[in-house]
1. Which residues, counting only those in the stretch 76-93, are hydrophobic (A, V, I, L, M, F, W, C) and surrounded by 16 or more Cβ atoms within 10 Å (Cβ to Cβ)?
2. Just one of (1) in contact with a strand residue (DSSP E or B) (Cβ under 6 Å, 6 or more places away or on another chain); (2) closer than 26 Å to HIS129 by Cα trips up LEU57, so point out which.
3. Looking only at the stretch 23-35, count how many residues are in a helix (DSSP H, G or I) and surrounded by fewer than 14 Cβ atoms within 10 Å (Cβ to Cβ).
4. Within the stretch 117-127, track down each residue that is surrounded by 12 or more Cβ atoms within 10 Å (Cβ to Cβ) and not small (Gly, Ala, Ser).
5. Mind checking which residues of the stretch 42-53 are at pLDDT 95 or above and surrounded by fewer than 19 Cβ atoms within 10 Å (Cβ to Cβ)?
6. Take LYS114 and tell me if it is closer than 23 Å to TYR7 by Cα and out of contact with any strand residue (DSSP E or B) (no Cβ under 9 Å at 6 or more places or on another chain).
7. Looking at the stretch 61-69, can you tell me whether even one residue there is at negative phi and under 15 Å from the mean Cα position of the chain (by Cα)?
8. Take the residues of the stretch 94-107 that are among the polar types (S, T, N, Q) and surrounded by 11 or more Cβ atoms within 10 Å (Cβ to Cβ): which is nearest to PHE54 (Cα to Cα)?
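The values are calculated or read from the model by the stated rules, or taken from the named source; none is laboratory data. Because the structure is predicted, anything quoted here is derived from the model rather than measured. Note that each Cβ is placed from the backbone with ideal geometry, even for glycine, and that neighbours are counted across all protein chains shown.
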Amino acid sequence: MLFLSTYQNRIDKKGRVSVPAQFRANLAGQEFSGIVAYGSLLHPCIEGCGMGRFMKLNERIEMLDPFSEERDAFATTIFGESVQLGFDGEGRIMLPEALIAQANLSEQAVFVGKGEIFEIWEPVAFAEHALRARELAKAKRYQLRGTPAPEGKA
């Protein structure tokens, strides 16, 4: 299951937003009919995924020393701040106020597929991020080949 493409949807006054049909199709057949959502640790957006991806995160956290500060920080932040958001009959989720505030969302949300996860962004912030990401990807495209960049192309 990979989340692909970018979609923009309206957020209603109650905080409901339609999850793109393609994303919902990827999530079909899971134990939980919805998404797991949490504030991104990298960007001013919301990350979303299916329960399967969340279980992988749990496995990685469980591999850390059970008494370490790092394990506690990851568990507190990732699990403590995550919410399960079920789909309503129209494929919408209700975004909690805390996540709306963290991503600075108002009337529109951009859903961005990023493989095993997707992100939900405020449209202007995403447009700016996408420009920076494209420039970095263009400059570092050689890394995807698995070979060093040609001379002078770092």
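1. Residues satisfying the conditions are ILE78, VAL83, LEU85, PHE87, ILE93.
2. Every condition holds for LEU57 apart from (1).
3. The number of residues fulfilling the criteria is 1.
4. Residues satisfying the conditions are ILE117, PHE118, GLU119, ILE120, TRP121, GLU122, PRO123, PHE126.
5. Within the stretch 42-53, LEU42, HIS43, PRO44 qualify.
6. Criteria not met by LYS114.
7. Looking through the stretch 61-69, none of the residues is at negative phi and under 15 Å from the mean Cα position of the chain (by Cα).
8. GLN102
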